[in-house]
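Notes follow the structure.
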Amino acid sequence: MADRSENQRPRKNRDKAKEKRLGYLFVAPSLLLIIVIAIWPVLQSFYFSLFDLRLNSPTKSETHLNYSIDLEQYLNQYPFLLTAVENEIQQEHSPAAFKDVKEKLTSMDKELQQNPKVKANYKKVNDKLLNYENVDANSSIVPIDKKTAESIQHSSQQIYKEVKDVSSKTKLNQGNKLVGLSSGLTESIVKPNFVGLQHYQQDLSNQRLWKALSNTVIFTIISVGIELILGMAIALLINKAFVGRGLIRATILIPWAIPTAVSALMWKFLYDGQNGVVAKIFESIGLVNNMADLLTTQTGAMFSIIFTDVWKTTPYMALLLLAGLQTIPSSLYEAAAIDGASKWKQFLTITLPLMKSSMLVALLFRTLDAFRVFDLIFVLTGGGPANSTETISVLAYKVMFNQTNFGDGSALSVIVFICVAIISMIYIKILGRDLLGSNGGKG
């Protein structure tokens with residue numbers, strides 16, 4: 001018997017291992033999808049946040065870890081600058097400084113072509129430019145050592161300074177052209193734009209970020225709190241049996257079905273300080289002193305976006321809570337009514353405890369959605385007035401696209417992700433503690 005039981009143990013272990021592998025096999029497609037759609041963009045954003053990426057700067061439009069030279073930029077300036085300098089030298093009243101400029105130009109070009117990596121692509125890029133052909137980045141951007149890069153950079157800056165000084169003191173035939181070409185020559189050296197965690201350090205010490213975070217938290221807490229209360233009231237109402245219940249349910253969902261950008265634009269007209277219907281009503285009932293206050297004052301603008309968000313997303317909250325209400329057996333309410341419990345007592349002792357999991361899901365989804373709000377505020381107020389309604393997502397958009405600072409914008413996106421992750425963990429920790437504890441006991 002002992003031998004038999006010992007033989008059965010490895011078999012059971014093998015069966016468990018097989019079931020475990022089978023389970024991972026079933027979960028693998030979902031995990032792969034999560035990695036591709038959710039985790040990889042965050043990792044990519046974090047990588048970009050470590051660089052000074054700026055689309056308005058030719059030398060910082062891509063990530064660079066080493067020194068390089070942009071041969072296309074260099075050859076678009078150097079030959080024409082050299083020709084223009086030679087033409088000025090041939091003039092009757094030629095500045096003596098231009099002979100020194102010519103020597104520096106030829107010396108710099110000679111030093112550059114002595115580099116084996118540069119020499120291999122120099123003629124290739126130059127021929128393409130002469131034939132008006134497109135130059136690919138692999139041929140144009142050539143890595144060079146730091147010493148050569150600093151020497152070329154120093155020489156080009158000296159040339160630019162001398163040309164600019166001569167141009168300001170002497171009337172030249174092609175003064176503006178010479179200054180422009182020499183200025184462009186200084187931009188041919190591509191420096192490493194790795195800055196590490198510098199963007200995070202700057203952002204976390206920037207008052208604008210903390211103001212945006214406070215605006216986001218205020219908007220999230222107030223809007224989600226109101227939506228929870230109104231959503232619960234609506235869910236309790238449409239959960240009862242009455243004539244036309246299906247039509248009422250469909251009607252309530254209309255605000256949520258309208259695209260957010262369309263809703264925001266519609267409410268922008270309704271809040272208009274001259275012709276807005278809602279603004280006129282609020283002024284008539286004394287909610288605001290002037291119709292224009294809704295979008296031109298800090299308090300009015302915050303109230304406006306919260307009111308619009310509550311109008312739009314309360315039906316979504318009600319829909320989630322309604323699903324939870326329908327899972328509660330009616331027999332519990334009947335038993336409570338027989339025991340003499342009032343409707344309010346039934347709500348506190350039956351509805352709320354049994355609705356905890358549904359409320360967790362509804363609050364989690366709505367809080368994360370509200371914290372990441374962008375389109376509503378971008379269309380309705382643009383983050384104004386004076387950044388009083390600017391949320392963290394709107395700030396990230398402005399930095400990334402308006403300022404074309406992709407490095408800092410990526411850092412702000414990562415900060416948004418971290419905040420969302422913290423919110424998720426808090427919800428699961430606090431609101432899901434009892435639910436997870438009961439499941440753990442069953443397990």
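The values are calculated or read from the model by the stated rules, or taken from the named source; none is laboratory data. All of these numbers come straight from a predicted model, not from anything done at the bench. Here the Cβ is made from the backbone with ideal geometry for all residues, glycine too, and neighbour counts use every protein chain on show. In case anyone asks, the SASA skips ligands and DNA or RNA and just uses the protein heavy atoms, side chains included. Shrake-Rupley method; radii C 1.70, N 1.55, O 1.52, S 1.80 Å.
One table, with the values for the structure above:
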{"quantity": "Boolean, I281 is open to solvent by 60 Å² or more (accessible area, probe 1.4 Å) and either out of contact with any helix residue (DSSP H, G or I) (no Cβ under 7 Å at 6 or more places or on another chain) or part of a helix (DSSP H, G or I) (or both)", "calculated": "yes"}
{"quantity": "Test: residue in the range 169-180 that is modelled with pLDDT under 90, touching a Lys or Arg at 6+ places or on another chain (Cβ under 8 Å) and either open to solvent by less than 30 Å² (accessible area, probe 1.4 Å) or not in a helix (DSSP H, G or I) (or both)", "calculated": "no"}
{"quantity": "Helices (runs of 4 or more DSSP H) contained in the range 28-101 and holding at least 1 residues farther than 30 Å from L112 by Cα and out of contact with any Ser or Thr (no Cβ under 9 Å at 6 or more places or on another chain)", "calculated": "40-49"}
{"quantity": "Breaking point among (1) open to solvent by 40 Å² or more (accessible area, probe 1.4 Å); (2) of a type outside the set (G, A, S); (3) part of a loop (DSSP other than H, G, I, E, B), for I328", "calculated": "(1)"}
{"quantity": "Within the range 40-75, tally of residues that are in contact with a strand residue (DSSP E or B) (Cβ under 7 Å, 6 or more places away or on another chain), of a type in the set (A, V, I, L, M, F, W, C) and open to solvent by 60 Å² or more (accessible area, probe 1.4 Å)", "calculated": "1"}
{"quantity": "Among (1) without any contact (Cβ under 8 Å) to a residue 12 or more places away in the chain; (2) farther than 22 Å from Y67 by Cβ - the single one D136 does not satisfy", "calculated": "(2)"}
{"quantity": "Every residue from the range 331-356 that is surrounded by 12 or more Cβ atoms within 10 Å (Cβ to Cβ) and polar (S, T, N, Q)", "calculated": "Q346, T349, T351"}
{"quantity": "Single residue of L112, L105 found to be under 17 Å from K147 (Cα atoms) and open to solvent by less than 40 Å² (accessible area, probe 1.4 Å)", "calculated": "L112"}
{"quantity": "Residues located in the range 218-235, provided they are under 26 Å from the mean Cα position of the chain (by Cα), open to solvent by 60 Å² or more (accessible area, probe 1.4 Å) and without any contact (Cβ under 8 Å) to a residue 24 or more places away in the chain", "calculated": "I221"}
{"quantity": "Subset of the range 195-226 (residues that are under 14 Å from V414 (Cβ atoms) and of a type in the set (G, A, S))", "calculated": "G196"}
{"quantity": "Those residues of the range 80-92 which are in contact (Cβ under 8 Å) with a residue 40 or more places away in the chain and open to solvent by 60 Å² or more (accessible area, probe 1.4 Å), in sequence order", "calculated": "F80, N87, Q91"}
{"quantity": "Tally of residues being assigned to a loop (DSSP other than H, G, I, E, B) and either open to solvent by less than 90 Å² (accessible area, probe 1.4 Å) or under 16 Å from Q77 (Cα atoms) (or both) across the range 132-150", "calculated": "5"}
{"quantity": "Output for the range 236-260, where each listed residue is open to solvent by less than 50 Å² (accessible area, probe 1.4 Å) and in a helix (DSSP H, G or I)", "calculated": "I238, I252, P255, T260"}
{"quantity": "Test: residue in the range 378-390 that is part of a helix (DSSP H, G or I), exposed (fewer than 15 other Cβ atoms within 10 Å of the Cβ) and aromatic (F, W, Y)", "calculated": "no"}
{"quantity": "Candidates G273, G286 - the one that is outside any helix (DSSP H, G or I), farther than 26 Å from M232 by Cβ and either of a type in the set (V, I, T) or open to solvent by 50 Å² or more (accessible area, probe 1.4 Å) (or both)", "calculated": "G286"}
